[in-house]
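Colleague: Below: one structure in structure tokens.
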């Protein structure tokens, strides 16, 4: 039996507006509500709504033989509620088919695991509650932001009660081994990990519409042929990708929707193939070996490491300032302040500051709402400074209130 | 290829963007195997000046161009940035100091001088039997000379646009006579070289050039400017310093700089602003700084020599070029080469080639002030800008500009040959009589 395990990532950050130095202390609204609403509507029309419709139909048509998994970040869900309730409804309908598993992640799509375990646990907990509230289910399998992963993560997840995790099938970690099996890690040998088959995933996510690609055009028969080659050398082929692949990264006119509509039939044409969700894979397979992930891996770029989010002076300073502020933010017990802080932990903000591939004429390599990584840093660090000032102000008021009890604090 | 270049004097004798560009481009063209005859206008030695421009040029010739470039000069008061009034001033000044009527030696007004220069070039080329394959003229004052040579010899003409009348006037108050000469120069050219997409667009929209005959060749940065200075240890405690370096004219946006300085100083009174350069707005700007109450924060240092400019970069925490209309703008590249973070206006050609610079609209004083404060406040930002920026300018070489220029030489030469082959039986172009 060869399983095809689809997982789609759904995420939209709360983008910051061009928050200026001169606004610090005067304006505490950091987010670009208009852009966030516009982008959400655009992606809803091009991707979420048509693709949810298509998948819902597939789940019903195949009577349970087609399955897939989603990880939907909490900040994406929050924005569905605010800007696109119809999208939330269509996800509920899709999940209601019973063929879809929802995964766990940090509510704010953050890198908090690397910086602050307490914050990490709290954000995972918040996401669990949000998924429960909207969909009435509790995730069992965990995916960390951008598939970031290292040996330290599985013991923490096992402790939190998760059954398994997913990450990238990085060559340097696997060496000669295949990503098409379950593995586990040295500090949690009983905790299974699913690995992305990046070759076949990227054939759909990145290369599908590329006319210069030697395999262009990609048909379902061709893809099923590649898939079937893993028989005898694999138990599960994990195809992990951004959900925005469908209609947003690969436009409708590439034929990506038609491809997905017909893929299940092509895969199921082989009697020994089947679709499975991550939990089902965990039930059917056992880890075949250990992978040692000493340095953190991710699914980004050729490097598949943290270098898209951390490493240049701006990114490092931004994270240091952000997580350095956590204690004072929480000590205010001000819900608005805490929510602003947490929205700033979304990994996209530091991703926009990446200078790795940033050259003139190449700016679109990194999708960003900013003209340059510098603009991204300025907006972020200004917001952090304002946040710090609000914390100080609240603290001063609290001290003053203790000393002069007649002074009222408005929360 | 043999190139007849109608250019401008080199720095330091002539310190302007077009002079820098002519020198550096010529250097790279020669390195790529071209032979240049370089004809330029040369004014009288300024009285009391210690410089001997001729000696300077001779040194250059000996050092760098031996055998590959031949310099010819024509006595003229032309300068690429002259307005009619500035030319009249120069004539008057010369007449006063030297006690002669300069108007009889040189053209009585700027336009007449431009025509006289064209005739002199034509005469010189014939007298010295200068032979060449292509004519390359830089900016409007040499365009009539280029067009005349083309008519007389049938050789192809490239008109290189470094700046237009619209940039100089900082808006729509262009001198219609200058405009007419610029337009004629572009239209008589076989191909027009614009220093940026910004300028190319102007050539097409304002001057009616055929888009297929205007190409962008970006300026580069002189390899010598890339030699990083040993940054002087700054006197402690030294205030954060914001630098403006350029002519104090409407085009360069010094007034917007001053308005932003006011916003910055309101926020942080310990910031120092250096405004280096001279120009017709200087006195107004000094008054304005006082009126805004930031007279003590703003230092006007006057014209900066090359060495002085390097010293200024060494003392700057951020360099700002808020130009209203800048065809290219080489100065920010020099600052970046010296490890200084830069902020440039989006209304500049150089912003098209820079990724590692902050960009603002020149009129958005609030945004400019915010970005200045950001660079001064956040070390991670200034460090990354400085490091990545320095790396970036190293890639903006004049050799790239020379390669692009060579391609255009070949293109116009090929086209001219095929045209001449088709009309081979027609009589060759005749020399016009001496004037």
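The values are calculated or read from the model by the stated rules, or taken from the named source; none is laboratory data. What you are looking at is a predicted structure, and each value in this text was computed from that prediction instead of being measured. Counting neighbours? That spans all protein chains shown, and the Cβs are built from the backbone with ideal geometry, glycine included.
Colleague: Which condition breaks for residue A:319 when tested against (1) within 12 Å of chain B (Cβ to nearest Cβ); (2) more than 23 Å from residue A:121 (Cα to Cα); (3) at pLDDT 90 or above?
Modeller: Only one criterion in (1) within 12 Å of chain B (Cβ to nearest Cβ); (2) more than 23 Å from residue A:121 (Cα to Cα); (3) at pLDDT 90 or above is unmet by residue A:319, namely (2).
Colleague: Given the conditions (1) more than 24 Å from residue B:157 (Cα to Cα); (2) modelled with pLDDT under 95; (3) within 14 Å of another protein chain (Cβ to nearest Cβ), report the number of the one that residue B:400 does not fulfil.
Modeller: If we test residue B:400 against (1) more than 24 Å from residue B:157 (Cα to Cα); (2) modelled with pLDDT under 95; (3) within 14 Å of another protein chain (Cβ to nearest Cβ), just (1) comes out false.
Colleague: Pick out the one residue from B:289, B:357, B:316, B:337 that is within 14 Å of chain A (Cβ to nearest Cβ) and either surrounded by 18 or more Cβ atoms within 10 Å (Cβ to Cβ) or closer than 29 Å to residue A:355 by Cα (or both). Steps first, please.
Modeller: Values: B:289 fails: within 14 Å of chain A (Cβ to nearest Cβ); B:316 fails: within 14 Å of chain A (Cβ to nearest Cβ); B:337 fails: within 14 Å of chain A (Cβ to nearest Cβ).
Answer to the selection: B:357.
So that you can scan it fast, the table gives a plain yes or no per residue for (1) away from chain B (no Cβ under 14 Å); (2) over 30 Å from residue B:371 (Cα atoms); (3) in contact (Cβ under 8 Å) with a residue 24 or more places away in the chain:
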{"site": "A:19", "(1), (2), (3)": "no, no, yes"}
{"site": "A:28", "(1), (2), (3)": "yes, no, yes"}
{"site": "A:47", "(1), (2), (3)": "yes, yes, yes"}
{"site": "A:77", "(1), (2), (3)": "yes, yes, yes"}
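Colleague: Residues B:105, B:158, B:149: which one is more than 23 Å from the chain's Cα centre (by Cα) and at pLDDT 95 or above?
Modeller: That would be B:149, the only listed residue that is more than 23 Å from the chain's Cα centre (by Cα) and at pLDDT 95 or above.
Conditions (1) in a helix (DSSP H, G or I); (2) in the same structural domain as residue A:243 (by TED's automatic domain parsing); (3) free of Cβ contacts under 8 Å to residues at least 12 places away in the same chain; (4) surrounded by 22 or more Cβ atoms within 10 Å (Cβ to Cβ), marked per residue:
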{"position": "A:25", "(1), (2), (3), (4)": "no, yes, no, no"}
{"position": "A:34", "(1), (2), (3), (4)": "yes, yes, yes, no"}
{"position": "A:39", "(1), (2), (3), (4)": "yes, yes, no, no"}
{"position": "A:82", "(1), (2), (3), (4)": "yes, yes, no, no"}
{"position": "A:127", "(1), (2), (3), (4)": "yes, yes, no, yes"}
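Colleague: Pick out, from the stretch A:217-320, the helices (runs of 4 or more DSSP H) lying fully within it that include 2 or more residues that are in contact with a strand residue (DSSP E or B) (Cβ under 6 Å, 6 or more places away or on another chain) and surrounded by 14 or more Cβ atoms within 10 Å (Cβ to Cβ).
Modeller: Output list reads A:256-268, A:278-284.
Colleague: Working only within the stretch B:319-334, note down all residues that are surrounded by 24 or more Cβ atoms within 10 Å (Cβ to Cβ) and part of a helix (DSSP H, G or I).
Modeller: B:331, B:332, B:333
For (1) in contact with a strand residue (DSSP E or B) (Cβ under 9 Å, 6 or more places away or on another chain); (2) part of a helix (DSSP H, G or I); (3) touching a residue at least 40 places away in the same chain (Cβ under 8 Å), each residue gets a yes or a no:
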| position | (1), (2), (3) |
| --- | --- |
| B:167 | yes, yes, yes |
| B:181 | no, yes, yes |
| B:193 | yes, no, yes |
| B:204 | yes, yes, no |
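Colleague: For the stretch A:146-169, which residues satisfy the criterion of being outside any strand (DSSP E or B), touching a residue at least 60 places away in the same chain (Cβ under 8 Å) and touching a helix residue (DSSP H, G or I) at 6+ places or on another chain (Cβ under 8 Å)?
Modeller: A:148, A:163, A:169
Colleague: Determine, yes or no, whether residue B:384 is assigned to a helix (DSSP H, G or I) and within 16 Å of residue B:336 (Cβ to Cβ).
Modeller: The answer is yes for residue B:384.
Colleague: Give me a count of the residues in the stretch A:349-395 that are modelled with pLDDT under 85 and part of a loop (DSSP other than H, G, I, E, B).
Modeller: Residues meeting the conditions: 10.
Colleague: Quick one: in the stretch A:45-55, which of the residues that are within 21 Å of residue A:103 (Cα to Cα) and out of contact with any strand residue (DSSP E or B) (no Cβ under 9 Å at 6 or more places or on another chain) is surrounded by the most Cβ atoms within 10 Å (Cβ to Cβ)?
Modeller: A:52
Colleague: Any chance the stretch B:221-233 includes a residue that's surrounded by 17 or more Cβ atoms within 10 Å (Cβ to Cβ), touching a strand residue (DSSP E or B) at 6+ places or on another chain (Cβ under 9 Å), within 26 Å of residue B:397 (Cα to Cα) and modelled with pLDDT of 95 or more?
Modeller: Scanning the stretch B:221-233, I find no residue that is surrounded by 17 or more Cβ atoms within 10 Å (Cβ to Cβ), touching a strand residue (DSSP E or B) at 6+ places or on another chain (Cβ under 9 Å), within 26 Å of residue B:397 (Cα to Cα) and modelled with pLDDT of 95 or more, so the answer is no.
Colleague: Can I ask one more? Taking the stretch B:264-286 as the search range and keeping residues that are within 14 Å of another protein chain (Cβ to nearest Cβ) and under 31 Å from the mean Cα position of the chain (by Cα), which one is surrounded by the most Cβ atoms within 10 Å (Cβ to Cβ)?
Modeller: In this case the residue turns out to be B:264.
Colleague: Follow-up. When you scan the stretch B:236-247, do you find a residue that is closer than 30 Å to residue B:29 by Cα, modelled with pLDDT of 95 or more and assigned to a loop (DSSP other than H, G, I, E, B), even just one?
Modeller: no
Colleague: Considering only the stretch B:363-386, state which residues are more than 8 Å from chain A (Cβ to nearest Cβ) and surrounded by fewer than 24 Cβ atoms within 10 Å (Cβ to Cβ).
Modeller: B:363, B:364, B:365, B:376, B:382, B:386
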